[in-house]
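**Q** One structure coming up, written as structure tokens, with questions to follow.
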Amino acid sequence: MKRCPKCNSKNLNGAVSCECGYRFEQNNASSTPVFPSSSAEDVKFPSGLSANRPRSVTVISWIFILCSLIEVGKMLILGFSDFSYLTEKFVDMGLLTILLFVYGAGMLNRKNWARMLYLWLTPLLGIMSLVFGATFWKWVIAFCVYGVFARILTRPEALEYFDPLAESTQKT
């Protein structure tokens with residue numbers, strides 16, 4: 001984050017200008033070039049959609065959404081063939097499916113609460129599943145996947161993307 005010397009507000013490191021109109025200097029050749037006022041800088045994205053979203057956050061969010069849709073399809077197919085499966089698994093699998101979709105959609109829409117919900121709730125659900133009968137190796141694999149996803153979602157680029165102050169400067 002860098003501060004505007006004119007209005008002292010926080011801006012993204014890659015920001016070309018501040019809301020107040022101050023234009024930041026570009027120090028090196030690899031920085032984002034300064035565009036004229038009617039350029040890519042002025043493109044308005046719908047709420048939550050951002051050109052600055054880290055690719056890793058996008059990939060993880062879509063993995064969550066796709067897994068939830070696959071699970072809905074599996075529940076429907078198995079539910080039509082075996083109604084007892086649907087009634088037994090509907091509550092726990094249905095809630096987890098909804099939770100996966102909420103994780104993905106929330107993170108795509110730049111909602112920090114969705115990221116925090118994933119980071120805090122998933123380990124608790126994992127421990128509960130271990131206590132209530134999940135196999136040990138399945139739990140170990142899920143824990144490793146969680147560790148990778150948690151690391152990706154706590155990197156500085158991801159934190160900057162989910163920062164509420166960055167969101168207000170993004171909507172200029």
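**Q** Between a residue in the range 123-151 that is outside the structural domain of MET93 (by TED's automatic domain parsing) and any residue that is surrounded by 11 or more Cβ atoms within 10 Å (Cβ to Cβ) and charged (D, E, K, R), which pairs come within a Cβ distance under 9 Å, given they are 6 or more apart or on different chains?
**A** none
**Q** Out of curiosity, is TRP113 more than 21 Å from VAL59 (Cβ to Cβ) and modelled with pLDDT of 90 or more?
**A** no
**Q** Also: Give me the residue from the range 56-83 that is of a type outside the set (A, V, I, L, M, F, W, C) and within 30 Å of ALA158 (Cα to Cα) and, out of that set, farthest from the chain's Cα centre (by Cα).
**A** Only one residue tops the list, namely GLU71.
**Q** Then there's this: For the range 132-165: of the residues being part of a loop (DSSP other than H, G, I, E, B) and not hydroxyl-bearing (Ser, Thr, Tyr), which is surrounded by the most Cβ atoms within 10 Å (Cβ to Cβ)?
**A** Here the answer is ASP163.
**Q** Could you figure out which of (1) of a type outside the set (Phe, Trp, Tyr); (2) modelled with pLDDT under 55; (3) not in a loop (DSSP other than H, G, I, E, B) isn't true of LYS44?
**A** Unmet for LYS44, out of (1) of a type outside the set (Phe, Trp, Tyr); (2) modelled with pLDDT under 55; (3) not in a loop (DSSP other than H, G, I, E, B): (3).
The values are calculated or read from the model by the stated rules, or taken from the named source; none is laboratory data. Nothing here was measured: the structure is a model prediction, and the numbers come from that model. In this analysis, Cβ positions are derived from the backbone assuming ideal geometry, glycine residues included, and neighbour counts consider all displayed protein chains.
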